[in-house]
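Student: Shown below is the structure under consideration.
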Amino acid sequence: MMPDPLGSGPTTTSDPAGIAGDAYGTRVATELEELYRRATRPLTVTGTNALTATTPAGSVPIATLTEGMTLDFVPPNTNTGAMTLAVDGLSAIALVSEDGNALTAGQVRGGRPLRARIHSDGKARAIAGLAVSGAATKTAVLINKRTNASGGGLTSGSDQTFSINTKPVDTIGISGTLPEFTLPAGAWDIDFTAVVEGVGVADLRLWNVTDNALVTTFFGVGSRTVTTNHTGMMTGRGRVTPATSKTYKFVTRVQSTNGTDGQGGLSEGGGYFTTADLINAVAVITEARSALGGPQGQAATLSIGTVTTLDPDDPATVTNGGTSGAAVLNFGIPRGAAGTIEIGDVTTVDHDEPAAVTDSGAPGAAVLDFSLPRGIPGPQGLNWQGPWSAGAYAQFDAVSKGTASYVANTATSQEPPGSDWDLLVPAGPAGPAGIRAGLRYTFDSSTGVSNPGTGKFRITSSGNAGFVISNTPAGGGSIDALLNGYAFVDNDPVGIIIVQSSDPSGSVFYLAEIIFLDTGGSGWSHLAVSQLSGSLPANGADCVITFLFRGSNGTRVSPPATATSSGSTGEWAVDANYFYACVANNTWRRVALSSW
């Protein structure tokens, strides 16, 4: 059975609809939340036109004003105009009449209980407890003053209009020519009393002249007389609510014959009265007003007690720890069961398909399958083919030719540069001066100061103080320009000489600084040097002699500490282990020195 949230016993685990477990607890919580939202909230208020309201101590403050919420309070003061209401620190909202209009002065009376309900428009509408408007009630009085002394005032037969002929009071604004009268739109209460003489049986009616219809909300009765000299009363009361102005009149019908005119078969005193005299008639019309609210009843309270976390297999529970009029709800809510998540299939889809994740597992044991789009295809890359050689090339093949590189813009056999090739990387600018390519010689162990012969050099004195070197290297050519323009400037030595094995990977045999030049005899030159390191190769060794370019900075400096030490292009240094050359500003290279 459904649990009673205000009862004192525990709940069951399912209701008649078969809802069980967590779903049942969720449903109970939802219904309790709605019950709590709809419950009437007693408030304590202060202020006159701008009311400030708070919930009583010990009650749960109102966090949000929702449609349908009912508020009960007793304003301390009578209002003097339009009103607002701010509850528990929330933003103030308009307090209006039940039909949504702003309140006028005096409609809220100090010390009188008031009930308001939150409407869908966000305003608090007073549904009970409002006083009538402070303005005077609109009233009209219509009177018939007797004009005939006796006989024939009312005649039997068809309906006849009462001869209302005087309007001494009118704050409504009734128009028209009496006995007909026109009421403006509104709600109007009508009370009618007439004194008649000599009438047997008659009825009283209110007729809507505008719509030519009987007003069914007006009820009239009449008394009967037994002789022509007796008097009787006719009274009627009712309410009309014309949406637009309407014209009305009071009518009566006097019985003429037995069984006709709708009066039945009444006979009194041996006959029927066919005439009657209207002595006086008074009609009072007043503006209809809503009834005042009754005394405030005792409001129930609802609060949250304990909330306990239960094991996943336990049923949800709700118990009332208070009373039926002051409920304290204690909740037992099971925690969710521990779940697992595993990675299932991972599939690559086309780049224009959306990524997707699906669960192929079971509740509490998820297995996530992923569909991941591959990346958008990138632009066509280059196919590096190395140095160009005659042959066929495809579009996007790249080659080097001379000091530049090119990429084919179409299939071609053309030699670059040409229309079938786009420049890929142009030739770079000339680099700084570096080490002069070596000239090939053979070491001659003789020490004579004479031409050692083509492609040879020799020591000229003990201590390796100088060389005699052929002006013609073994491979041909001449070293004159080298000796006169690079190794010396105005007879001042500016470079060094390096003797190295002809094998490109061979060791440095000998390193010396050039200190003097003597062109010597025909076909040979004499170089005075200062040995820096190493020793000369064995007699007959095939060697390469390299001279340092003069450059803009051929200055010897102290050996650098690191490869990025401060230095200018062309500077050089040497120590017992390495020869150092600055190949670019702050960039050094070194060659290890070794003996043989």
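Student: Keeping to segment 76-98, report how many residues are more than 11 Å from residue 53 (Cβ to Cβ) and of a type in the set (D, E, K, R).
Tutor: Looking only at that region, the number is 1.
Student: Right, another one. Whether any residue in segment 377-399 is in contact (Cβ under 8 Å) with a residue 12 or more places away in the chain, exposed (fewer than 11 other Cβ atoms within 10 Å of the Cβ) and at positive phi is what I want to check. It would help to see each step written out before you state the result.
Tutor: Going through segment 377-399, the residues in contact (Cβ under 8 Å) with a residue 12 or more places away in the chain turn out to be 377, 380-388, 390-399.
The next check asks that each one be exposed (fewer than 11 other Cβ atoms within 10 Å of the Cβ); those that pass are 377, 380-381, 386-387, 390-392.
If we keep only those that are at positive phi as well, we get 386, 391.
Yes, the conditions are met somewhere in segment 377-399.
Student: Given segment 94-212, what strands (runs of 3 or more DSSP E) lie entirely inside it while holding 2 or more residues that are open to solvent by less than 30 Å² (accessible area, probe 1.4 Å) and modelled with pLDDT under 70? Give the steps one after another, and end with the answer.
Tutor: Working: elements: 114-118, 124-128, 139-144, 166-170, 181-183, 188-197, 202-208.
Output list reads 139-144.
Student: On to the next question. Name the single residue, out of those in segment 306-352 being under 30 Å from residue 377 (Cα atoms) and hydroxyl-bearing (Ser, Thr, Tyr), that is least open to solvent (accessible area, probe 1.4 Å).
Tutor: First, pick out the residues of segment 306-352 that are under 30 Å from residue 377 (Cα atoms): 343-352.
Checking the rest, the ones that are also hydroxyl-bearing (Ser, Thr, Tyr) come to 347-348.
Values: 347: 66, 348: 89 Å².
In this case the residue turns out to be 347.
Student: Counting residues that are modelled with pLDDT of 70 or more and among the small types (Gly, Ala, Ser), which strands (runs of 3 or more DSSP E) fully inside segment 499-596 reach at least 3? Walk me through how you get there before you give the answer.
Tutor: Working: elements: 508-518, 524-534, 542-547, 572-574, 578-584, 587-592.
Fully inside segment 499-596 and qualifying: 524-534.
Student: Also, I was wondering about something else. Mind checking which residues of segment 99-120 are farther than 23 Å from residue 55 by Cα and either touching a Phe, Trp or Tyr at 6+ places or on another chain (Cβ under 6 Å) or of a type outside the set (S, T, N, Q) (or both)?
Tutor: Across segment 99-120, the qualifying residues are 99, 100, 102, 103, 105, 106.
The values are calculated or read from the model by the stated rules, or taken from the named source; none is laboratory data. Only a predicted model underlies this, so the values are computations on that prediction, with no experimental measurement involved. Note that we place each Cβ from the backbone using ideal geometry, even for glycine, and neighbour counts take in every protein chain shown. Remember, those area values only see protein heavy atoms, side chains included, never the ligands or the DNA or RNA. Shrake-Rupley method; radii C 1.70, N 1.55, O 1.52, S 1.80 Å.
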